[in-house]
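For reference, the structure is listed below as structure tokens.
None of the figures in this text is laboratory data; all of them are computed from the coordinates on show. Please read these numbers as outputs of a predicted model, since none were measured by experiment. Cβ atoms come from the backbone with ideal geometry, glycine included; neighbour counts cover every protein chain shown.
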Amino acid sequence: MTILNGKEIANKIKDEIAAEVGEIKSRGEKVPHLAAVLVGNDGASLTYVGSKVRSCNRIGFESTLKHLPEDTSEEELLDLVSELNNDPEIDGYIVQLPLPKHIDEQKVLLAVDPDKDVDGFHPANFGKMALDMESFIPATPFGIMELLRRYNVEVEGKHAVVIGRSHIVGRPISILLSQKGKFANATVTLTHSRTKDIKALTLQADIIVSALGVPGFLTGDMVRDGAVIIDVGITRVPDESKERGYYITGDVDFESVSKKASYITPVPGGVGPMTIAMLLQNTLLARKRRTQNNR
Ligand code: GUN
């Protein structure tokens with residue numbers, strides 16, 4: 001069994017990006033500038049956004065954090081989105097999800113300039129991705145594909161079972177795994193809350209991607225020998241014995257599943273760090289495109 005060490009690969013990718021930033025600087029060109037919009041004080045979102053901004057600083061990107069109060073109106077947020085679209089200094093930005101309930105998420109995501117949409121959530125980018133055209137690919141599924149590629153995991157012709165059909169992970173990873181390409185060409189089954197017998201399907205899977213957010217959902221008896229296991233779940237479980245008051249766990253019961261898996265991602269240290277690395281990769285791409293267009 002091999003652990004797919006996302007933390008290590010993400011650090012390698014960040015080093016590669018930092019080297020490119022060095023070259024950009026030496027040519028006297030602008031370095032990539034990522035902005036992050038956070039509305040409210042959701043604990044997990046604060047952690048993710050903080051981590052994204054710190055990573056930018058580490059690799060030599062410029063970064064801007066726009067932290068708005070929980071009671072920000074939809075109109076105020078749309079104004080900020082418009083400001084970021086028009087700000088020549090910003091190469092790409094993300095609006096951290098979830099947004100407070102009084103704000104229409106779709107309306108906000110539609111307002112983001114697709115050329116600055118480094119999360120790849122705008123329908124223009126999502127549609128291009130689905131049609132094999134160049135686009136910004138959502139960071140988490142992009143990170144999973146990159147992890148499989150860097151570990152040389154065989155995907156072609158395999159049966160991949162994806163658990164969860166979210167717009168951020170399940171749906172896009174099902175598209176990417178089924179696309180043509182050396183580390184793709186899988187046969188994909190996308191399962192969700194209305195799927196009749198998930199266990200019957202996971203038992204047939206060569207690759208399982210679980211993006212459900214239910215701790216310990218996938219157990220050893222649901223997995224066949226030699227399966228590749230990608231755990232996208234990141235759930236905070238309250239725990240008084242921990243300094244932070246919680247611990248982080250995934251969808252996979254690591255103890256029982258790792259005994260059967262050929263490859264498995266840990267939580268933490270698997271898919272999570274890859275998400276940040278690929279967001280930075282998308283931001284670098286945004287900057288390169290803008291440099292090409294003299295912007
Ligand atoms: N919330 C959970 N994952 C993500 C992500 O990748 N991007 C944004 N913007 N919000 C998220």
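How many Å³ per residue does the convex hull of the Cα positions in the chain occupy? Don't skip to the end; give the middle numbers.
On the way: hull volume 40.3 nm³, N = 295.
That works out to 136 Å³ per residue.
Modelling each spin label as a point 7 Å along the Cα-to-Cβ direction, I'd like the residue 124/residue 16 distance in nm, to one decimal.
The answer from the label model is 2.7 nm.
Under the classification rounded if a/c is under 1.5, otherwise prolate if a/b is larger than b/c and oblate if not, where does segment 183-236 fall, given a ≥ b ≥ c as square roots of the Cα gyration tensor eigenvalues?
Values: a/c = 1.35, a/b = 1.26, b/c = 1.07.
Rounded, since a/c falls under 1.5.
Could the peptides 241-248, 81-88 be put in order, highest first, of the mean number of other beta-carbon atoms found within 10 Å of their residues? Before the final figure, lay out each step's value.
Numbers: 241-248: 11.2, 81-88: 14.5.
In decreasing order of mean packing, 241-248, 81-88 become 81-88, 241-248.
Over all directions, average the projected area of the Cα convex hull of segment 4-145 and note it in nm². It would help to have the intermediate numbers written out before the result.
On the way: hull surface 36.9 nm².
Quarter of the Cα hull surface area: 9.2 nm².
What list of ³J(HN,Hα) couplings, whole Hz, do you get for segment 213-229 from phi and the Karplus terms 6.51, -1.76, 1.60, once you set θ to phi - 60° and write x for glycine and proline?
Each residue of segment 213-229 in turn: x, 10, x, x, 4, 8, 10, x, 6, 9, 10, 9, 4, x, 5, 9, 10 Hz.
Which lysines, if any, have their Cα less than 24 Å from the Cα of residue 14, not counting same-chain residues under 8 positions apart?
Excluding near neighbours in sequence, the set is 25, 30, 52, 66, 116, 182, 288.
For segment 7-53 and segment 100-137, what is the separation of their Cα centres, given in Å?
When both Cα centres are located, 19 Å separates them.
Determine the distance separating the Cα centre of segment 155-178 from the Cα centre of segment 218-233; give it in Å without decimals.
15 Å
Would you please give the residues with an amide H less than 5 Å from that of residue 205, counting only those at least 5 places away or on a separate chain, with H modeled from the backbone geometry?
224
Using only the Cα atoms of segment 199-295, build the gyration tensor, take square roots of its eigenvalues as a ≥ b ≥ c, and label the shape rounded, prolate or oblate: rounded if a/c is under 1.5, else prolate if a/b is larger than b/c, else oblate.
On the way: a/c = 3.34, a/b = 1.56, b/c = 2.14.
Since a/c reaches 1.5 but b/c is at least a/b, the shape of segment 199-295 is classed as oblate.
Could the peptides 207-213, 120-126 be put in order, highest first, of the mean number of other beta-carbon atoms found within 10 Å of their residues?
Numbers: 207-213: 24.7, 120-126: 20.4.
The peptides rank, most packed first, as 207-213, 120-126.
Nearest 500 deg cm²/dmol is fine: what mean residue ellipticity at 222 nm does the chain get from its DSSP H runs of n ≥ 4 alone, each adding -39,500 (n - 2.57), divided by its residue count? Walk me through the intermediate numbers first.
Working: 10 runs with 118 residues, N = 295.
Computed ellipticity for the chain at 222 nm equals -12500 deg cm²/dmol.
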